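Below you'll find the structure, written out as structure tokens, and then a few comments.
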Amino acid sequence: MPLKRKMVLGSNWKIYISSRDEARTYARRLKQELKTYDTGIVEAYILPDFLNLDAVSGALGSLPVSLGAQDVCWEESGAYTGEVSPLLLKEAGCKYVMLGHSERRSFFGESDEDVNKKVLACYRNGMVPLVLIGETREERDKDLAMDVIKTQLKTCLDGIPADFLRELVIMYEPRWAIGCKDAASPEIIEISHQMVRRGIEELYDADVSQAIRIIYGGSVNLENAGRILSIPDVDGLGITRASLDPVKFAGFIRITEKEAKKRRKIGIDAGGK
Ligand code: PGA
């Protein structure tokens, strides 16, 4: 029986893997290591940089790992120097597009309004947005984390129809927990994911909030992944550093598969679409 919320886990390469050779070698090694996994309960994705999309796609071949981009332009065409059109990403085989990563927000000035325009571009072009939300250290210290999350959800998802929202993936990634030694504590992750689900329920309804996948990102490693995935409202993981080795990434997929099987067995989320 399929899970109502198929678990999802992915590797965002940023620009760590920046040569085409390295990208191909990664994908081939992953294929060798993984061979296959239960795609009825888990979906894995890789987000290479734009220029490695085709190299990765070719080297993955029939391995059921989805491809995605780390950003997109909010318009299909026009005077947007340096941007990449959603039409091109679609043509390159992207299923996912990551939007609103903390680095895009802090280094490139991306706002929730920008993210919203890009979510709409994904909607028009049939790609699944991975929408990143999360508070800074300062916002957490001032006890503003929950308000920030709610505002981000409201603005980033403005005008998105409920049917599309069911397919979308939200990644809760506290901005202070990226690139660190440790992930956020299980308590913070649990409360925040519950908040995100409640926020979606307030904006839409209980049905949509139960369907949407909410994954966690920020200093996930092979030691803490199982513990984080055992939190009921966590539907997967987004990883960078610890996933840059394809053997380790295959390890993350196995850990997620194990958790998804456990959920199916005890009936959590079972019996969905
Ligand atoms: P990290 O990065 O896994 O290296 O902490 C996560 C991210 O930036 O999304």
(message) Tell me the relative contact order for the chain as a rounded percent, counting alpha carbon contacts under 8 Å between residues six or more apart.
(response) 24 percent
(message) On a straight-distance basis, which lysines could pair with Lys265 in a cross-link, Cα separation under 23 angstrom, same-chain partners fewer than 8 positions away excluded?
(response) Lys4, Lys6, Lys273
(request) May I ask you to give the percent of accessible area on the chain that is carbon plus sulfur, with a probe radius of 1.4 Å? (result) 52 percent
(request) Report the Stokes-Einstein translational diffusion coefficient (µm² s⁻¹, integer) for region 2-269, Rh taken as the Kirkwood radius over Cα pairs, at 4 °C with viscosity 1.567 mPa s. (result) 70 µm²/s
(request) For every helix of n ≥ 4 consecutive DSSP H residues, a contribution of -39,500 (n - 2.57) applies; sum these over the chain, divide by its total residues, and give [θ] at 222 nm rounded to the nearest 500 deg cm²/dmol. (result) -13000 deg cm²/dmol
(message) Need the C-alpha centroid separation for region 97-136 versus region 1-41, integer Å.
(response) 22 Å
(request) Any chance you could run the full-extension gain for Leu244 through Lys35? It's 0.36 nm times the residue separation minus the Cα-Cα distance, nm to one decimal. (result) 73.4 nm
(request) Excluding residues on the same chain fewer than 8 positions from Lys154, give the lysines whose Cα lies under 19 Å from its Cα. (result) Lys117, Lys118
(request) Only loop residues by DSSP count here, and only those with at most 12 other Cβ atoms within 10 Å; note down the trypsin sites (Lys or Arg not before Pro) in region 1-73 that meet that. (result) Lys35
(message) Rounded to the nearest 10 Å², what accessible area does Cys94 have for a 1.4 Å probe in the complete protein model?
(response) 10 Å²
(request) Could you calculate the contour length gain from Tyr80 to Lys258, that is, 0.36 nm times the residue separation minus the distance between their Cα atoms, to one decimal place in nm? (result) 59.7 nm
(request) Please work out how much length the chain gains when fully extended from Leu63 to Lys142, using 0.36 nm per residue of separation minus the C-alpha to C-alpha distance, in nm with one decimal. (result) 23.9 nm
(request) Give the percent of DSSP beta bridges with both residues in the chain that are antiparallel, rounded to the nearest 5. (result) 5 percent
(message) Let me make sure I get this right: for region 126-273, a, b and c are the square roots of the gyration tensor eigenvalues over alpha carbons, sorted descending. Under 1.5 in a/c it's rounded, otherwise prolate if a/b > b/c, else oblate. Which is it?
(response) oblate
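The values are calculated or read from the model by the stated rules, or taken from the named source; none is laboratory data. Keep in mind that what you see is a predicted model, and the values were worked out from it rather than measured. FYI the Cβ positions are ideal-geometry reconstructions off the backbone, even for glycines, and counts take in every protein chain you see. Each accessible area value is taken on the protein alone, full model and side chains, heavy atoms only, with ligands, DNA and RNA left out. Shrake-Rupley method; radii C 1.70, N 1.55, O 1.52, S 1.80 Å.
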